[in-house]
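For reference, the structure is listed below as structure tokens.
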Amino acid sequence: MSLFVRNIPFFSIMLAMFAGIITIPIRKGRAAWYITVMVETVILAMSSVLLFDLVRSGETITFAMGHYPAPWGNEIRAGILEAMMAVLFSGVMLFSVLGGEKDIFADVMPKKQNLYFITYDELFGAMLALIYTNDIFTAYVFIEISMLAASALIMARDSGRSLIATLRYLVMMLLGSGLFLLGIIILYVITGHLLMPDLGRGVAKIVAEGMYTRPLLCVIALVCIGLAIKSAVFPFHTMLPGAHSVATTTSSAVLSGLVLKAYILLLIKCITRVFSIELMVNSGYTDVALALGMVGTVACSMFALRESDMKRMIAYSSSAQIGYIFMGIGLAGGGGLVAACLHVIVHAMTKSMMFICAGNMARTRGHKTDIRQLRGVAWENRPAAIGFTVAALSMIGIPLFPGFASKLYLATAAYDSTLKFALVLAALLLSMVLNAMYFIPAVIAIWSRPKDININSEYRAPKLMTACVTVMTVLVIALGIYFKPVADLIGRALETF
Amino acid sequence: MKDILMRLMDNYYETAAVILFFIGFMTLLLHRNIIKKIIGMNIIDSATFLFLASNGYIEGRVAPFATPGVAATVEQFVNPIPTGLVLTGIVVSVSVSAFSFALAYRLNQRYGTLDVDEILFLARGGAQ
């Protein structure tokens with residue numbers, strides 16, 4: 001493997017961070033937008049090269065920051081799964097900023113547009129660092145950076161409601177990161193390490209000797225609950241709908257599609273590298289995650305059912321979909337992590353596409369997001385409507401769409417135990433029915449031809465958005481058909497994760 | 001009972017940290033004023049830093065600076081890593097506070113109050 005490829009994880013984090021820094025003196029929003037698009041394209045290309053190289057060679061890269069060796073230095077680690085996620089994240093970031101371009105320049109004050117892209121780049125850098133880092137304290141620092149950047153993205157649309165939504169989001173996120181920090185401090189006190197592989201060995205030693213059993217259980221609870229709050233799983237979902245419905249299209253797409261996933265990936269990393277799946281299963285935490293996930297998918301789908309606002313409905317659906325991922329984590333003993341990671345990919349692609357399409361359809365009707373006001377919008381903004389429909393079908397879990405694939409893997413992961421299998425199947429079926437109950441009426445509404453509304457046939461969808469949504473639709477359908485190779489690759493990647 | 005009290009007294013740093021944590025937590029949750037909420041958040045941060053720093057401190061030892069000509073042994077020094085982590089944590093906490101104050105300032109500019117309930121009331125009235 002060449003020296004350049006070995007340095008790609010480091011380069012991509014630094015490039016994203018520096019892109020934010022060099023945008024500061026640039027006053028023009030449009031120039032900042034070009035820089036962001038360019039940087040994301042470069043990182044997407046580099047991550048693809050890295051993924052290709054890692055899959056071919058089967059190696060994992062461990063990069064010692066500043067050449068300090070393992071117990072003292074800070075590490076970046078890149079395996080197949082990290083590279084896959086980097087490709088996914090950079091791709092979705094790129095498509096979101098391209099697809100929501102018109103909305104950013106309309107929603108954000110002209111003087112502050114360059115600041116929007118600074119936070120966007122910093123968020124991207126922080127999420128890449130969360131994917132690659134092998135040090136738990138670095139992870140904490142980047143959690144905080146991504147939290148601030150995400151809050152700034154919500155706040156960017158300068159209205160009273162967005163300020164309140166930001167405050168709510170910030171308080172919830174602070175609670176989550178506070179718990180996570182407490183957890184890692186206690187973990188450091190009982191093991192004496194901060195690097196994940198060393199922590200893993202330390203935890204294994206503690207478990208083998210039967211020492212510090214109670215503190216260790218507390219640590220797992222603190223870390224898991226902290227990250228669960230941040231990833232907005234069911235009882236902690238309250239900040240999502242407000243934040244997503246007021247943020248600009250790109251922000252919603254990224255917040256729901258990626259930011260929540262970055263914390264989930266960190267949680268999976270903590271489980272596999274630090275606590276070990278065995279310990280999680282033995283201590284019963286996986287069952288808690290499974291229960292949370294099952295209750296979450298059903299409950300949040302019911303909340304979504306009540307909403308008539310398109311963006312709020314999609315936000316509740318995000319929380320419901322996060323429930324599936326937690327179900328996957330809950331089934332970690334039987335290969336549920338493959339389902340969880342597959343659903344991370346599926347949901348990141350479909351949900352960001354859905355937000356881009358919903359935002360664009362709303363813009364066609366003068367920023368109205370109520371479903372009743374979006375009737376017949378498909379005949380004005382065809383590409384966005386098609387994208388929304390494909391995403392909705394995937395969310396419901398129709399075969400040939402990727403949402404079906406992850407549900408299939410979830411069900412097979414639960415197959416070992418009859419009780420769990422029955423429960424998981426029931427939860428999946430119930431949530432599928434509920435998903436259909438709120439997505440199908442929305443789809444019918446946008447494709448109907450109401451007599452009382454004048455269809456503006458002169459409207460032309462933005463070319464950039466059309467191109468983005470077309471590419472994303474093709475990718476989503478391709479993933480829905482060829483999910484097997486992707487899932488196999490995830491399975492292979494998880495062995496060395 | 002006496003045993004528990006003695007243990008609490010022995011680990012007085014940790015006890016103080018826990019008490020501070022709850023004071024901060026209650027301030028964050030129960031106060032309606034945003035500035036007080038931010039202060040509560042800072043108290044929580046301080047509590048975690050006290051907890052962390054006290055775990056790296058060993059009675060009677062000094063900060064790990066080697067003096068030229070004097071042989072340095074591990075037994076002389078405290079663990080420096082928690083202190084380093086606390087420094088990083090303080091930087092994070094300062095930036096979070098700065099952001100929150102900016103947010104509070106914007107809210108005050110728009111609604112003319114720092115009371116969360118009043119802001120929510122005004123926002124709802126504005127929506128209708």
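Bear in mind these aren't lab numbers, they're just calculated from the coordinates by the rules spelled out. In this text, all values refer to a predicted model and were calculated from it rather than measured experimentally. Virtual Cβ from ideal backbone geometry, glycine too; neighbours counted across all protein chains shown.
Applying both filters, DSSP loop and at most 11 other Cβ atoms within 10 Å, to the chymotrypsin sites (Phe, Trp or Tyr not before Pro) of segment A:64-140 gives A:Trp72. Seen against the Cα atoms of chain A and their longest principal axis, helix A:310-330 is set at about 20 degrees. Phi angles across segment A:457-470 convert, under the Karplus curve 6.51 cos²θ - 1.76 cosθ + 1.60 with θ = phi - 60°, into 3J(HN,Hα) values of 6, 7, 5, 10, 5, x, 4, 4, 5, 4, 4, 4, 5, 4 Hz, Gly and Pro given as x.
Segment A:135-213 and segment A:71-113 have Cα centres spaced 20 Å apart.
Within chain B, which complete DSSP H helices have Cα atoms spanning at least 24 Å along the helix axis and a mean Kyte-Doolittle hydropathy of 0.5 or higher? What comes out of the filter, once short or polar helices are dropped, is B:12-30, B:34-56, B:80-111. Here's the list of aspartates and glutamates a cross-link from A:Lys420 could span, going by alpha-carbon distance under 18 Å and ignoring same-chain residues fewer than 8 apart: A:Glu278, A:Asp287. For chain A, the longest principal axis of the alpha carbon atoms and the long axis of helix A:113-132 meet at an angle near 40°. Principal-axis analysis of the Cα atoms of chain A puts helix A:3-23 at an angle of about 50° to the longest axis. On a 24 Å Cα-Cα criterion, which of the cross-link pairs A:Lys102/A:Lys311; A:Lys368/A:Lys451; A:Lys230/A:Lys351; A:Lys463/A:Lys484 come out too long? In this structure, A:Lys463/A:Lys484 exceed 24 Å between Cα atoms. Phi angles across segment A:481-497 convert, under the Karplus curve 6.51 cos²θ - 1.76 cosθ + 1.60 with θ = phi - 60°, into 3J(HN,Hα) values of 8, 9, 6, 4, x, 5, 5, 4, 5, 4, x, 5, 5, 5, 4, 10, 6 Hz, Gly and Pro given as x. Applied to segment A:159-165, the Karplus parametrisation 6.51 cos²θ - 1.76 cosθ + 1.60 on θ = phi - 60° returns per-residue 3J(HN,Hα) values of 10, x, 5, 5, 5, 5, 4 Hz, with x for Gly and Pro.
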